[in-house]
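See structure below.
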Amino acid sequence: MMKILNLINGQLVAPVSDTYIDNYNPSTGTIYSLIPDSDERDVENAVAAAKNAFPAWRDMPKEKRSAILIKLSDLIQRDLDKLALAESIDNGKPLWLSKSVDIPRAVSNIHFYATASLHLHDEAYSMGTVAMNYTMRTPLGIAGCISPWNLPLYLFTWKIAPALASGNCVIAKPSEITPMTAFHLAELSIEAGMPAGVLNIIHGYGHKVGAAIVSHKDIPAISFTGGTKTGEDIARVAAPMFKKISLELGGKNPNIIFADCDFEKAVQTTVRSSFSNQGEICLCGSRIFVERSIYEKFKTAFVEEVKKLKVGNPLNDENWIGAIVSKPHMEKILSYVQLAKQEGGTVICGGQQLHPEGEHANGYYIAPTVIEGLTYDCRTNQEEIFGPVVTLMPFDTEEQVLKYANSTTYGLAASVWTQHLTRAHRVVANLQSGIVWINTWLLRDLRTPFGGVKNSGVGREGGFEALKFFTEEKNVCIKL
Ligand code: NAD
């Protein structure tokens, strides 16, 4: 069976332990490759390599660093079909989605930061004839980047690209649930001419490899995307060590639909924002609040569209929804459907595991699920489910819907649907959310700050925010 390898010091190597973790294809429920079960010894080797590589990478003209990264993004583009297939097999997401979103976005992430870093400039503050200050930005040294399974290569590159482009060496850990495209990226980084030790990719469990990265004294910055509970564990270790930390965590995002919305667009986009990638996008809206006067009309139109969504083999382009990433995650999602029923909810559609024909019968499929009749503050409406499950709730006033929307501990993203410009601004100003879309969803400009408030995270990624995170400022004052 194919064995994935770590990338350390420019070499593809087996883990020191020489033990492996089973890697499942969620669309069939079968094991199809093996993942290194690495530990602190592999991290230690990577740190040694990164320390060695750092001075030359830091001092390399940024145009040259940029050229290596652009080469890497070109190679991802060249291998788009291969990487998209690998992503779909590993994660269960539809192939058409990997081809049109995940892998193209990985290309853009690397290209964006390869070029953005050329425009990061130092600053000067004149004190007239008295003195001149200049503020320089220098890379931190070694950055730890830890990413989740839902958008594997997309989020992995979103972290490593700004870290590398700003002159850091990186020790990165992809999710042990979806390691395959990070392994292919390791191969491509060698082909792109990335100097040995600059990018190191260690596979394995969070509690072993992740924890070893977070607690390592020579890794001064941790950029993490994943669950809120893991973020809390990481902060508990990294904060007393005074590390820089960027945490992109969970969400329970509201969609607010006013009666004066563009109805068709609101329905169509809400279907996408609810069920894209099996609902496994941190930005998916999972609580849909609809103004009471159009509640029944919206419900009917929405459910009609949801029932049309085909679920099954991710490699078949007819299917809009693929497999849930793992068996434990599927069971967690289904347990929330049971909870919703116990809490008084009515499942209007979906709610059950699906068993497509043939080799996919044992895959992890869930019918897109819509639930109504729940209170805004029940557990189903407060806790992150992270699957193809949404709730519908009517509201009467702006004040009421803001109370509902802001009632969770999360604050990542929100969508507001209204044609009333003043209302849109008024509602948005009072929403506790790091990202808000008005009359759209998931429209992204990579220059904009990305991140959440409350338990959805600390810090911002995107644009110059990420380049600033991976660099440290030093102010120099010269007396004239
Ligand atoms: P997770 O927290 O279980 O794992 C994320 C990564 O952290 C994995 O690589 C894992 O191995 C590692 N990890 C686990 N324990 C660790 C530890 N103690 N120390 C260091 N690393 C550790 O999250 P997941 O289940 O992979 O991803 C789903 C979660 O990610 C959801 O909550 C989702 O909302 C969130 N997410 C957030 C964003 C965002 O931008 N805010 C984006 C995507 C996903």
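Within the range 215-226, one or more residues are closer than 30 Å to residue 350 by Cβ and modelled with pLDDT of 95 or more. From the list 411, 373, the lone residue that is at pLDDT 95 or above and surrounded by fewer than 21 Cβ atoms within 10 Å (Cβ to Cβ) is 373.
So for the range 259-276 (the condition being of a type outside the set (Ser, Thr, Tyr), more than 23 Å from the chain's Cα centre (by Cα) and part of a strand (DSSP E or B)), does at least one residue qualify?
No.
Selection within the range 220-258: residues that are closer than 27 Å to residue 321 by Cβ and part of a helix (DSSP H, G or I). The member of this set that is nearest to the ligand (Cβ to nearest atom) is 230.
The residues on offer are 380, 471, and the sole one that is of a type in the set (Ser, Thr, Tyr), buried (at least 22 other Cβ atoms within 10 Å of the Cβ) and in contact with a helix residue (DSSP H, G or I) (Cβ under 6 Å, 6 or more places away or on another chain) is 380.
Okay, residues lined up against (1) over 17 Å from the mean Cα position of the chain (by Cα); (2) of a type in the set (S, T, N, Q):
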{"site": "71", "(1), (2)": "yes, no"}
{"site": "92", "(1), (2)": "no, no"}
{"site": "97", "(1), (2)": "no, no"}
{"site": "124", "(1), (2)": "yes, no"}
{"site": "143", "(1), (2)": "yes, no"}
{"site": "157", "(1), (2)": "no, yes"}
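Answer yes or no: is there a residue in the range 278-295 that is away from the ligand (no atom under 16 Å from the Cβ), surrounded by fewer than 22 Cβ atoms within 10 Å (Cβ to Cβ), under 28 Å from residue 157 (Cβ atoms) and modelled with pLDDT of 95 or more. Looking through the range 278-295, none of the residues is away from the ligand (no atom under 16 Å from the Cβ), surrounded by fewer than 22 Cβ atoms within 10 Å (Cβ to Cβ), under 28 Å from residue 157 (Cβ atoms) and modelled with pLDDT of 95 or more. With the condition kept exactly as written, say whether any residue in the range 141-161 is away from the ligand (no atom under 16 Å from the Cβ), in contact (Cβ under 8 Å) with a residue 12 or more places away in the chain and not in a helix (DSSP H, G or I). Yes, there is a match, as at least one residue in the range 141-161 is away from the ligand (no atom under 16 Å from the Cβ), in contact (Cβ under 8 Å) with a residue 12 or more places away in the chain and not in a helix (DSSP H, G or I). Restricted to the range 386-480, the set of helices (runs of 4 or more DSSP H) holding at least 2 residues that are within 15 Å of the ligand (Cβ to nearest atom) and either of a type in the set (Lys, Arg) or more than 30 Å from residue 341 (Cα to Cα) (or both) comprises 463-469. The single condition from (1) among the β-branched types (Val, Ile, Thr); (2) over 26 Å from the mean Cα position of the chain (by Cα); (3) not in a loop (DSSP other than H, G, I, E, B) that residue 333 fails is (2).
Entry remark, the range 120-166: residues being under 18 Å from residue 464 (Cα atoms) and either among the acidic types (Asp, Glu) or buried (at least 24 other Cβ atoms within 10 Å of the Cβ) (or both) number 16 in total. Any chance the range 265-276 includes a residue that's more than 11 Å from the ligand (Cβ to nearest atom), among the aromatic types (Phe, Trp, Tyr) and within 28 Å of residue 177 (Cα to Cα)? Yes, because at least one residue in the range 265-276 is more than 11 Å from the ligand (Cβ to nearest atom), among the aromatic types (Phe, Trp, Tyr) and within 28 Å of residue 177 (Cα to Cα).
The values are calculated or read from the model by the stated rules, or taken from the named source; none is laboratory data. Keep in mind that this is a model prediction, so the values were computed, not measured. Note that each Cβ is placed from the backbone with ideal geometry, even for glycine, and that neighbours are counted across all protein chains shown.
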